[in-house]
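The values are calculated or read from the model by the stated rules, or taken from the named source; none is laboratory data. Because the structure is predicted, anything quoted here is derived from the model rather than measured. In this analysis, Cβ positions are derived from the backbone assuming ideal geometry, glycine residues included, and neighbour counts consider all displayed protein chains.
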Amino acid sequence: RMIEVALRGAWEGNRLELHFQPLIKLKNREIVSFEALLRLTTDTGEQIPPNEFIPIAEQTGLIHEIGAETIRRAIDIAKTWPEDLFVSVNLSPEQFRRHDLVSRIDSILKEAGFPSHRLELEVTENLLLRDEERVSDQLSRLNALGVSIAMDDFGTGYSSLGYLWKYNFDKLKVDRVFLEGYEFNQDKHRDIIETIILLGHKMGMEVTVEGVETASQDEMLDRLKCDQLQGYLFGRPMSANDAATLLEDGV
Ligand code: G
Ligand code: G
Ligand code: MN
Ligand code: NA
């Protein structure tokens, strides 16, 4: 209840804000993108994590407005970045229940005059669980718009391989669980991550590894040649202002 109240009109009161976490290109170590991540603060100053308020936004239907506004604002900020950077936005499976999802995203891009290829949308395997015709149709229409689609948290859901077979994704984001505890069993972690990267590349996708926290993980990934890295080692989710500063000063 309290969260629902906090979510209504939250943009106006600046209780809902976007933070940005950098994605680094492995080859040249430059920032290629930021992932937009929502942050909610209540009137009393309490921080509520997305894992708590996103489900409530989904249950109450607020996710449709919040999701559209998230894309609008993420694009608005991305317009101030160098033109070779893109921006990534997470989409909830619930947003795909609306038939106008794709046309809304199209209008947002057109109104902002933002090139569709600079927008990446992240979806999780949960989206595909229901295996609906509609979802597959929406994904191909997004593809036709020129927006790129990433499968987020790859490797943690159900029958991921079947979905890779059936749908065309532009990118795999390898879930950070595969890096957790790396220091204690390096070979095992390296072997599975290497295999996922190979799988992604074989299927024509780019691969981002998430959750990079230490220099030794970074070193291992550098040898494995994924495409992008993301994690606290390169930057935590930060305000749009801090992201702009990071772009000026470099990682
Ligand atoms: O932001 P944090 O690092 O705590 O993210 C926790 C979870 O919340 C992640 O799974 C992330 O994808 C999700 N999340 C963050 N921002 C958004 C958003 O704008 N939309 C949706 N649907 N999920 C988000
Ligand atoms: O599900 P998704 O991948 O969108 O979630 C992003 C979440 O992962 C956010 O909560 C973000 O703060 C968190 N995150 C990003 N980088 C790291 C990292 O290096 N370590 C940990 N533990 N969490 C991270
Ligand atoms: Mn994500
Ligand atoms: Na992710």
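Being within 16 Å of ligand 3 (Cβ to nearest atom) and closer than 21 Å to residue 223 by Cβ is the filter here, so list the residues in region 155-199 that pass it.
155, 171, 172, 173, 174, 175, 176, 177, 178, 179
Test residue 204 against the stated conditions and say whether it is within 19 Å of residue 126 (Cα to Cα) and free of Cβ contacts under 8 Å to residues at least 12 places away in the same chain.
Here the answer is no, as residue 204 does not meet what is asked.
Among what's in region 7-32 and is away from ligand 4 (no atom under 16 Å from the Cβ) and of a type in the set (S, T, N, Q), pick the residue that is modelled with the highest pLDDT.
So the residue we want is 28.
Count, please, the residues in region 22-47 that happen to be within 22 Å of residue 225 (Cβ to Cβ), of a type in the set (S, T, N, Q) and in contact (Cβ under 8 Å) with a residue 12 or more places away in the chain.
Counting residues in region 22-47 that are within 22 Å of residue 225 (Cβ to Cβ), of a type in the set (S, T, N, Q) and in contact (Cβ under 8 Å) with a residue 12 or more places away in the chain gives 1.
What single numbered condition from (1) of a type in the set (Asp, Glu); (2) over 24 Å from residue 230 (Cα atoms); (3) in contact with a strand residue (DSSP E or B) (Cβ under 7 Å, 6 or more places away or on another chain) fails to hold for residue 122?
With (1) of a type in the set (Asp, Glu); (2) over 24 Å from residue 230 (Cα atoms); (3) in contact with a strand residue (DSSP E or B) (Cβ under 7 Å, 6 or more places away or on another chain) applied to residue 122, the lone miss is (2).
If I go through region 225-251 residue by residue, how many of them are buried (at least 17 other Cβ atoms within 10 Å of the Cβ) and either assigned to a helix (DSSP H, G or I) or aliphatic (A, V, I, L, M) (or both)?
Total meeting the criteria: 6.
Write out, first by first residue and then by second, each pair whose Cβ atoms fall under 6 Å of each other, whose residues are 6+ apart or on separate chains, and whose first residue, in region 52-77, is farther than 23 Å from residue 109 by Cα and at pLDDT 95 or above while the second is aliphatic (A, V, I, L, M) and not in a helix (DSSP H, G or I).
53/40
Let me confirm something: among 218, 222, which residue is touching a Gly at 6+ places or on another chain (Cβ under 9 Å), of a type in the set (D, E, K, R) and not in a strand (DSSP E or B)?
218
Can you tell me how many residues in region 210-249 are within 10 Å of ligand 2 (Cβ to nearest atom), in contact (Cβ under 8 Å) with a residue 60 or more places away in the chain and either among the aromatic types (Phe, Trp, Tyr) or within 17 Å of residue 28 (Cβ to Cβ) (or both)?
4
Among the residues that make up region 127-150, is at least one of them in contact (Cβ under 8 Å) with a residue 40 or more places away in the chain, part of a strand (DSSP E or B) and either over 26 Å from residue 17 (Cβ atoms) or within 13 Å of ligand 1 (Cβ to nearest atom) (or both)?
Yes - at least one qualifying residue is present in region 127-150.
Of the residues in region 33-55, how many are β-branched (Val, Ile, Thr), in contact with a strand residue (DSSP E or B) (Cβ under 9 Å, 6 or more places away or on another chain) and away from ligand 4 (no atom under 16 Å from the Cβ)?
3
Pull up region 151-194, narrow it to residues that are within 14 Å of ligand 1 (Cβ to nearest atom) and in a helix (DSSP H, G or I), then point me to the one that is nearest to residue 123 (Cα to Cα).
So the residue we want is 176.
Tell me which residues, restricted to region 125-137, are surrounded by fewer than 20 Cβ atoms within 10 Å (Cβ to Cβ) and either in contact with a Leu (Cβ under 8 Å, 6 or more places away or on another chain) or not basic (Lys, Arg) (or both).
Those that are surrounded by fewer than 20 Cβ atoms within 10 Å (Cβ to Cβ) and either in contact with a Leu (Cβ under 8 Å, 6 or more places away or on another chain) or not basic (Lys, Arg) (or both): 126, 129, 131, 132, 133, 135, 136, 137.
Residue check: is residue 183 among the charged types (D, E, K, R), touching a helix residue (DSSP H, G or I) at 6+ places or on another chain (Cβ under 7 Å) and within 30 Å of residue 116 (Cα to Cα)?
Criteria not met by residue 183.
Output the residues belonging to region 191-224 that are charged (D, E, K, R) and loosely packed, with under 14 Cβ neighbours inside 10 Å.
Once the filter is applied, which keeps residues that are charged (D, E, K, R) and loosely packed, with under 14 Cβ neighbours inside 10 Å, region 191-224 yields 191, 202, 219, 222, 223.
Has region 144-153 got at least one residue that is buried (at least 17 other Cβ atoms within 10 Å of the Cβ) and over 22 Å from residue 118 (Cβ atoms)?
yes
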